[in-house]
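A short write-up of the structure that comes next.
The values are calculated or read from the model by the stated rules, or taken from the named source; none is laboratory data. Just so we're clear, the structure is a prediction, and the values are computed from it rather than from any experiment. Quick reminder, even Gly has a Cβ in these numbers, built from the backbone with ideal geometry, and neighbours come from all protein chains shown.
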Amino acid sequence: IADFELKLMQIESEHMEIPEQHYKVVARLPSSEFQRICRDLREFGETMQVKASKEGITFSVQGDMGAGNVLLKPREADKPEDKVSLTVHEPVTATFALRYLVNFSKAAPLCGSVELGLGPDAPLLVKYDLENSDNGHMQFYLAPKIDE
């Protein structure tokens with residue numbers, strides 16, 4: 001006969017509330033393409049610059065091994081999940097830790113497209129609407145890297 005006893009831990013943690021954001025740029029693109037971009041650019045460096053304007057959204061990485069840039073321009077498609085759309089109220093450039101974006105992009109199989117929300121000095125929103133919108137959505141937020 002074995003007898004075990006565990007003491008309960010009381011962990012105090014503050015509840016983080018995320019304020020409602022009105023992003024200057026909202027991009028919608030195929031989730032598989034976002035996943036491929038994050039994985040490909042991870043080979044070149046640790047931080048990714050995202051630059052969005054009316055012409056398109058550019059993902060850039062510069063590192064010791066070299067540099068990589070991917071430009072996505074708005075495009076129409078037969079299937080809604082292959083479409084790339086951009087809503088730009090003002091151009092935005094921000095830099096983010098790529099390792100977290102790679103982790104966020106692992107949710108790509110849940111949904112055909114991903115929504116990115118960008119704003120100056122605002123966290124990046126990575127939002128996946130689940131295949132059946134009645135099932136809800138999954139949102140990730142990532143604070144931009146601050147130059148020191």
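Couple of notes before you dig in:
- Within this structure, Arg42 passes the test of being under 29 Å from Leu130 (Cβ atoms), of a type in the set (Lys, Arg), crowded, with 18+ Cβ neighbours inside 10 Å and out of contact with any Pro (no Cβ under 7 Å at 6 or more places or on another chain).
- Any hit, segment 59-74, residues being closer than 20 Å to Pro19 by Cα and hydrophobic (A, V, I, L, M, F, W, C): no
- Enumeration of residues in segment 37-52 that are over 17 Å from Leu71 (Cβ atoms) and either assigned to a loop (DSSP other than H, G, I, E, B) or aromatic (Phe, Trp, Tyr) (or both): Glu43, Gly45, Glu46
- Which numbered condition Phe34 fails, given (1) in contact (Cβ under 8 Å) with a residue 40 or more places away in the chain; (2) of a type outside the set (D, E, K, R); (3) touching a helix residue (DSSP H, G or I) at 6+ places or on another chain (Cβ under 6 Å); (4) assigned to a strand (DSSP E or B): (4)
- Candidates Ala122, Ala97 - the one that is within 13 Å of the chain's Cα centre (by Cα) and more than 14 Å from Tyr23 (Cα to Cα): Ala97
- Glu90, sole failed condition from (1) acidic (Asp, Glu); (2) part of a loop (DSSP other than H, G, I, E, B); (3) modelled with pLDDT of 90 or more; (4) more than 16 Å from Ala122 (Cβ to Cβ): (4)
- Of all residues in segment 53-79, those being farther than 17 Å from Leu101 by Cβ and part of a loop (DSSP other than H, G, I, E, B) number 11.
The rows are residues; the columns are (1) modelled with pLDDT under 90; (2) polar (S, T, N, Q); (3) surrounded by fewer than 18 Cβ atoms within 10 Å (Cβ to Cβ).
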{"position": "Ile18", "(1), (2), (3)": "yes, no, yes"}
{"position": "Met48", "(1), (2), (3)": "no, no, no"}
{"position": "Met65", "(1), (2), (3)": "yes, no, yes"}
{"position": "Leu71", "(1), (2), (3)": "no, no, yes"}
{"position": "Glu81", "(1), (2), (3)": "yes, no, yes"}
{"position": "Leu86", "(1), (2), (3)": "no, no, no"}
